[in-house]
1. List the residues of segment 46-62 whose backbone N lies under 11 Å from a point placed 7 Å from the Cα of His12 along the Cα-to-Cβ direction.
2. So, for the chain, what is the accessible surface per residue at a probe of 1.4 Å, expressed in square angstrom?
3. What is the packing order of peptides 63-69, 17-23, taking the mean over residues of other C-beta atoms within 10 Å and listing the highest first?
4. Return the calculated 222 nm mean residue ellipticity for the chain, to the nearest 500 deg cm²/dmol, obtained by summing -39500 (n - 2.57) across DSSP H runs with n ≥ 4 and dividing by the residue count.
5. With the crude spin-label approximation of a point 7 Å out along Cα→Cβ, what separation in nm comes out for Ala27 versus Ser56?
6. Using the alpha-carbon atoms, what tilt in degrees (0 to 90, nearest 10) does helix 69-85 show relative to the longest principal axis of the chain?
7. Express the relative contact order of the chain as a whole percentage, based on alpha carbon pairs under 8 Å and six or more residues apart in sequence.
8. Suppose every Lys and Arg Cβ carries +1 and every Asp and Glu Cβ carries -1, with no other charges. What dipole size does segment 27-88 come out with about its Cα centre, to the nearest 20 debye?
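The values are calculated or read from the model by the stated rules, or taken from the named source; none is laboratory data. Nothing here was measured: the structure is a model prediction, and the numbers come from that model. Cβ placement follows ideal geometry from the backbone for every residue including glycine, while neighbour counts extend to all protein chains displayed. The area values use the complete protein model at the heavy-atom level, side chains included, leaving out ligands, DNA and RNA. Shrake-Rupley method; radii C 1.70, N 1.55, O 1.52, S 1.80 Å.
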Amino acid sequence: MRQRGIETILEHAEQFVRDRLATAEPANDGKQTPMRNHPVFIAQHATGTCCRGCLSKWHHIAKGRELTDDEVAYVVAVLERWLRLQDV
Ligand SMILES: [Zn+2]
């Protein structure tokens, strides 16, 4: 993967996590992450970071409260590790 490519993708990843996952009660939780159209969406389904149910089940991050900055950084790091293993 080209260096500038992954940096841009990771900026999108943080934006998606903050906009779609980080609030206490995300809109359409469980269905807020499309199955395609952005490498981060694919990565979220592959890593169990697509919704708060999956974050709770796979990453033991409790539902019903806002994510902390550390948790947002953790999710982005999980996505980064997966994306760097792919040729996206
Ligand atoms: Zn999910």
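1. No residues fall inside that zone.
2. On the way: 5500 Å² over 88 residues.
Result: 63 Å² of accessible area for each residue.
3. Details: 63-69: 12.4, 17-23: 17.9.
My ranking of the peptides, most packed first, is 17-23, 63-69.
4. On the way: 4 runs with 48 residues, N = 88.
The helix contribution divided over the chain gives -17000 deg cm²/dmol.
5. Here the answer is 2.2 nm between the modelled labels.
6. On a 0 to 90 degree scale, this one is about 40.
7. Answer for the chain is 36 percent.
8. Values: 8 positive and 7 negative charges, 58 e Å.
Using only the charged Cβ atoms, the result is roughly 280 debye.
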